[in-house]
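All of the numbers you see were taken from the coordinates with simple rules; none came from a lab. Nothing here was measured: the structure is a model prediction, and the numbers come from that model. In this analysis, Cβ positions are derived from the backbone assuming ideal geometry, glycine residues included, and neighbour counts consider all displayed protein chains.
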Amino acid sequence: MSVYRIGLMPGDGIGPDVVAEAVRVLQALEATSDLLFDFTGFSVGAGEYLRGGDPLPEATFEAAGSCHAILLGAMGLPDVRLATGVEIAPQLDLRERWELYAGLRPLRLYHEAHTPLKGYGTGGIDILLVRENTEGLFWSRKGSVAPGAEAAEDILHISRKGAERVCRAAFEQARRRRRKVTLVDKANVLPSMAFFRAIFFEIAPAYPDVETEAVYVDAMALYLVRNPERFDVVVTENMFGDILSDLGAALIGGMGMAPSGDVGETHAVFQPSHGSAPDIAGKGIANPVATILSAAMMLDWLGAPEARRIHDAVERVLADPANRTPDLGGTLSTEEMGERIAAALS
């Protein structure tokens, strides 16, 4: 029997709603496998900030570090902001402090009715976006602007270490998939992006079995809509990855269908790509599929082959047009969708 300590950080808004359904699915898997989950809940996010003044208390950070992996819901609320004017984002603190440099964001179409594009059936869109998580334009996020300032600037920081490790991660992922990696940058304008591109092509010869190409980010936005089937693994800078992963999510049914994992050498956090959506929190209408698929990614990272069973259960449930939450044009509640996926495991 394999025992895993899983830290739960439901967070804010719809986070607790969707994490509860992912836990339901993991418990259903537990009942029909040799897996055993030891769940520990942690209070992190805007709610914790309002209670104690720190969205990620140090004691919580230390305790979470002993878990095998973290399953996170959503962090932040639009009206809860730091003195600098930005929202609280403890999930970014986790990425940076644990060096979770590879943001893995799968974009897979499960049913043709989910996409606004014409002519794409199940499996027609299957992309893994690998987002550099620890630097890029986010490098300046903890800066501030002086009152009355006439200008503000942010630094797009690319280090050799950061570029090398995320590119290698992308090539390794491609070897598990269809063996193609696309670098997305703005190397025709920005020296930092030209540096990133040079490092990418320095690394590429070590993976002669993987096809490579480089695409400018503005062209990539067009290609994702025109012919997304041409892409397998896409690797890019932090901000570009943030934007393109949301565009990609729109192609597969919305943010409720987009899971993600932030992984490093020793730690990993798995969460839906969506935000806290406080306007629908507690209403039972949030789509839990992204969080359930994030839980499957977590198992895959832990080396548990049972991850495949969750993917298969989601695929079977979504094959039936009756199984849709409101964001997909259906009427199922958050709980009902979780129950149907859990039942499909057996």
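Annotation note: trypsin sites (Lys or Arg not before Pro) in segment 268-334 located in DSSP loop regions with a Cβ neighbour count of at most 13 within 10 Å are LYS283.
Binning the C-alpha pair distances of segment 187-242 at 5 Å intervals from 0 yields a P(r) profile of 4, 14, 26, 26, 19, 9, 0 %, listed from the shortest bin outward.
Which of rounded, prolate or oblate describes segment 16-71 when judged by the alpha-carbon gyration tensor and an a/c cut-off of 1.5? Oblate. Hey, what D do you get for segment 120-257 in µm²/s if you plug the Kirkwood alpha-carbon radius into Stokes-Einstein at 4 °C and 1.567 mPa s? Rounded to a whole number, D works out at 82 µm²/s.
Taken about its Cα centre, segment 1-101 carries a charge dipole of roughly 40 debye when the Cβ of each Lys and Arg holds +1 and the Cβ of each Asp and Glu holds -1.
Taking other C-beta atoms within 10 angstrom as a stand-in for reagent exposure, ARG24, ARG105 fall in the order ARG24, ARG105, fewest first. Of ASP232, ASP312, ASP12, which has the largest mean-square fluctuation in a 10 Å C-alpha GNM of the chain? Highest fluctuation of the listed residues: ASP312. For the chain, modelled as a GNM with alpha-carbon contacts under 10 angstrom, which of PHE200, PHE240, PHE39 fluctuates the most? Highest fluctuation among the options: PHE39. The structure-derived value of P(r) over Cα pairs in 20 Å bins from 0, in percent appears in the list (1) 31, 60, 9, 0; (2) 27, 59, 14, 0; (3) 32, 56, 13, 0 under the label (1). Considering only C-alpha atoms, what is the centroid distance from segment 13-72 to segment 160-228, in Å? That distance is 33 Å. Shown in residue order for segment 126-139 are the 3J(HN,Hα) couplings computed by the Karplus curve 6.51 cos²θ - 1.76 cosθ + 1.60 at θ = phi - 60°: 8, 10, 10, 8, 10, 9, 5, 9, 10, 9, x, 6, 6, 3 Hz (x for Gly and Pro).
At full extension, ALA219 and ARG316 could sit 31.5 nm farther apart than now, given 0.36 nm per residue minus the alpha carbon distance. What FRET efficiency comes out for PHE195 versus VAL86 if R0 is 30 angstrom and r is the Cβ-Cβ distance? Round to the nearest 0.05. The formula returns an efficiency of 0.65 here. Local charge for GLY248 was computed over the other residues whose Cβ lies under 12 Å away, with Lys and Arg +1 and Asp and Glu -1, and equals 0. Bridge orientation summary for segment 136-289: considering DSSP beta bridges with both residues in this region, about 40 percent are antiparallel. For segment 116-217, GluC sites (Glu not before Pro) are listed when DSSP marks them as loop and at most 15 other Cβ atoms sit within 10 Å of their Cβ; the list is GLU150, GLU153. Its alpha carbons considered, segment 200-298 gives a radius of gyration followed by a Dmax of 15.9, 52 Å.
For every helix of n ≥ 4 consecutive DSSP H residues, a contribution of -39,500 (n - 2.57) applies; sum these over the chain, divide by its total residues, and give [θ] at 222 nm rounded to the nearest 500 deg cm²/dmol.
-11500 deg cm²/dmol
Simple point charges give the picture: +1 on the Cβ of Lys and Arg, -1 on the Cβ of Asp and Glu, and for the chain a dipole about the Cα centre of about 760 debye.
Distances between placed amide hydrogens fall under 5 Å for ALA268 paired with ILE70, all partners being 5 or more residues away or on another chain. Between LEU247 and GLU211, the FRET efficiency estimated from the beta carbon spacing at R0 = 25 angstrom works out to 0.65. Is there a pair in LYS118/LYS283; LYS161/LYS186; LYS142/LYS180 whose C-alpha atoms are over 27 Å apart, and which pairs would that be? Over 27 Å apart, Cα to Cα: LYS118/LYS283; LYS142/LYS180. Amide hydrogen proximity for VAL235: with H placed 1.01 Å from N in the peptide plane, the residues at 5 or more positions away or on another chain lying under 5 Å are VAL130, THR182, LEU183, VAL184. Pick from PRO305, PRO16, PRO147: which residue has the top mean-square fluctuation in a GNM of the chain where Cα pairs under 10 Å get a spring? Answer for the Gaussian network model of the chain: PRO147.
With the Kirkwood sum run over all distinct C-alpha pairs, segment 243-346 has a hydrodynamic radius of 14.2 Å. If both residues of a DSSP beta bridge must be in the chain, then about 40% of such bridges are antiparallel.
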